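Written below as structure tokens is the structure these notes are about.
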Ligand code: 5AD
Ligand code: SF4
């Protein structure tokens with residue numbers, strides 16, 4: 001009989017892709033995916049612990065399914081991802097309706113765990129993670145995530161990731177190359193290389209070398225990567241982005257703060273000047289590149305002056321977009337134990353000031369594209385408006401166009417007729 005699995009995914013792209021790996025493993029065991037929670041034989045929560053809010057969301061969802069388990073005691077409930085890794089068997093105390101727990105380094109054990117054939121907690125370090133590839137059941141058919149490295153060695157003082165995902169481990173380039181070739185054969189057109197800090201990819205070749213190797217795969221039209229660490233962004237990488245035809249003109253380069261004091265407390269390993277030098281070099285060598293960033297507001301000890309330096313930085317740099325977050329103390333990290341924690345209302349105030357400044361910049365940048373011609377990869381119907389098709393520019397901006405006879409997965413040229421804050425509107429033009 002076919003068994004069904006329902007997966008809740010919280011958090012980053014890494015988790016979204018880990019869920020695809022879980023589905024890959026389970027499909028081999030005869031499971032199919034359902035989007036109806038009530039029909040599932042197995043429910044997996046793939047959790048995120050980057051900020052407290054993400055954790056709270058998970059615990060409230062976990063509480064909500066308690067009555068299902070009472071009604072149908074045969075359903076199995078699993079907790080995966082970063083909270084599973086951090087909390088381990090403590091989760092059973094808090095939620096006795098959970099059947100098993102496994103961390104991001106133990107997805108390969110899902111087969112045994114789901115069958116109830118092993119101890120119900122798998123959170124040990126897995127040094128083989130980069131050489132032991134798992135089957136993947138991908139959600140889309142045009143764009144695919146491809147993991148190139150696991151873990152992070154940086155220990156930025158606020159961040160829980162090095163504790164949940166372990167040390168950096170790079171996949172051999174041949175394994176990545178074969179996966180990308182296979183994806184091209186299946187009709188995928190775009191790949192996004194995933195790693196916590198892709199610039200420190202280091203196996204038989206380095207990251208620019210990997211980009212050169214993947215740029216040769218026929219059928220793949222676009223290559224993206226996330227996330228880059230400003231300290232490790234090398235001239236070699238800038239050269240690769242500028243010279244390789246398939247590598248898209250977009251970089252996500254988390255700045256976190258515009259104040260050198262705060263950057264030091266965060267243990268980021270660069271100053272604001274170092275950061276802006278890299279931005280200048282990127283913009284000089286890769287004309288038209290779009291640059292996005294992450295900002296944390298209200299880090300412990302952040303003064304009004306530090307905050308104003310971040311606002312000044314946003315105005316000077318003019319990012320194409322940012323993700324901004326209120327600092328959230330994470331148990332076990334250095335920053336959680338630092339002096340000078342700010343009140344939540346202060347963090348909120350600073351966050352809204354930052355977003356307000358950036359919103360104007362983003363809109364201005366998008367408006368400046370009106371009248372230009374951009375290449376987009378058609379991804380299908382827009383989720384918000386079924387009358388429109390949607391795609392992204394090489395610079396990763398969303399463009400909506402009227403619905404016409406265009407097949408999904410095609411590259412087309414569009415003229416941008418309107419730039420808005422979150423997306424662009426376009427119309428197809430001849431190549
Ligand atoms: N509090 C707030 N934001 C955080 N991030 C990471 N850890 C924290 C934290 N403790 C943000 C950083 C990072 C992004 C993925 O999440 O900006 O770049
Ligand atoms: Fe966290 Fe810093 Fe590693 Fe990014 S580079 S995952 S912020 S420790």
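What to note about this one:
- Odd one out for residue 117, checked against (1) away from ligand 1 (no atom under 16 Å from the Cβ); (2) surrounded by fewer than 19 Cβ atoms within 10 Å (Cβ to Cβ); (3) in contact (Cβ under 8 Å) with a residue 60 or more places away in the chain; (4) part of a loop (DSSP other than H, G, I, E, B): (3)
- Taking the listed residues 105, 85, the one that is within 16 Å of ligand 2 (Cβ to nearest atom) and touching a strand residue (DSSP E or B) at 6+ places or on another chain (Cβ under 8 Å) is 105, with no other qualifying.
- The set of residues from the stretch 231-275 being at positive phi and within 21 Å of the chain's Cα centre (by Cα) comprises just one member, 256.
- Residue that is surrounded by the most Cβ atoms within 10 Å (Cβ to Cβ), among those in the stretch 393-405 that are more than 17 Å from residue 383 (Cβ to Cβ) and at pLDDT below 95: 404
- Picking from residues in the stretch 197-217 that are closer than 19 Å to residue 248 by Cα and assigned to a loop (DSSP other than H, G, I, E, B), the one that is farthest from ligand 1 (Cβ to nearest atom) is 216.
- Per-region count, the stretch 345-373, residues over 14 Å from residue 421 (Cβ atoms), outside any loop (DSSP other than H, G, I, E, B) and either within 16 Å of ligand 2 (Cβ to nearest atom) or in contact (Cβ under 8 Å) with a residue 40 or more places away in the chain (or both): 7
- Residue in the stretch 118-130 that is more than 26 Å from residue 224 (Cα to Cα), touching a strand residue (DSSP E or B) at 6+ places or on another chain (Cβ under 8 Å) and at pLDDT below 95 present: yes
- Scope the stretch 314-336; condition in a helix (DSSP H, G or I) and either closer than 14 Å to residue 356 by Cα or within 16 Å of ligand 2 (Cβ to nearest atom) (or both); matching residues: 314, 315, 335, 336
- Here 242, 280 are screened, and the one residue that is surrounded by fewer than 19 Cβ atoms within 10 Å (Cβ to Cβ), in contact with a helix residue (DSSP H, G or I) (Cβ under 6 Å, 6 or more places away or on another chain) and part of a helix (DSSP H, G or I) is 242.
- Restricting the stretch 20-34 to residues that are more than 24 Å from the chain's Cα centre (by Cα) and part of a loop (DSSP other than H, G, I, E, B), the residue that is farthest from residue 115 (Cα to Cα): 30
- Residue ID - nearest to ligand 2 (Cβ to nearest atom), chosen from residues in the stretch 159-174 that are crowded, with 18+ Cβ neighbours inside 10 Å and more than 15 Å from residue 48 (Cα to Cα): 168
- In the stretch 245-261, the residues that are away from ligand 1 (no atom under 12 Å from the Cβ) and crowded, with 16+ Cβ neighbours inside 10 Å: 246, 247, 248, 249, 250, 251, 258, 259, 260
- The condition of being surrounded by fewer than 14 Cβ atoms within 10 Å (Cβ to Cβ) and within 16 Å of ligand 1 (Cβ to nearest atom) does not hold for residue 39.
- Screening the candidates 46, 15 for the property of being in a strand (DSSP E or B) and at pLDDT 95 or above yields one hit, 46.
- The set of residues in the stretch 140-158 that are within 16 Å of ligand 2 (Cβ to nearest atom), in contact with a helix residue (DSSP H, G or I) (Cβ under 6 Å, 6 or more places away or on another chain) and closer than 24 Å to residue 218 by Cβ contains only 148.
- A search for C-beta distances below 9 Å between a residue of the stretch 156-174 that is within 20 Å of residue 335 (Cβ to Cβ) and without any contact (Cβ under 8 Å) to a residue 40 or more places away in the chain and any residue that is assigned to a helix (DSSP H, G or I) and more than 9 Å from ligand 1 (Cβ to nearest atom), counting only pairs 6+ apart in sequence or on different chains, returns nothing.
- Scanning the stretch 62-96 for residues that are on the phi < 0 side of the Ramachandran plot, out of contact with any helix residue (DSSP H, G or I) (no Cβ under 8 Å at 6 or more places or on another chain) and not in a helix (DSSP H, G or I) returns 72, 73, 74, 89, 96.
The values are calculated or read from the model by the stated rules, or taken from the named source; none is laboratory data. Only a predicted model underlies this, so the values are computations on that prediction, with no experimental measurement involved. Note: ideal-geometry Cβ built from the backbone for every residue, glycine included; neighbour counts use all protein chains shown.
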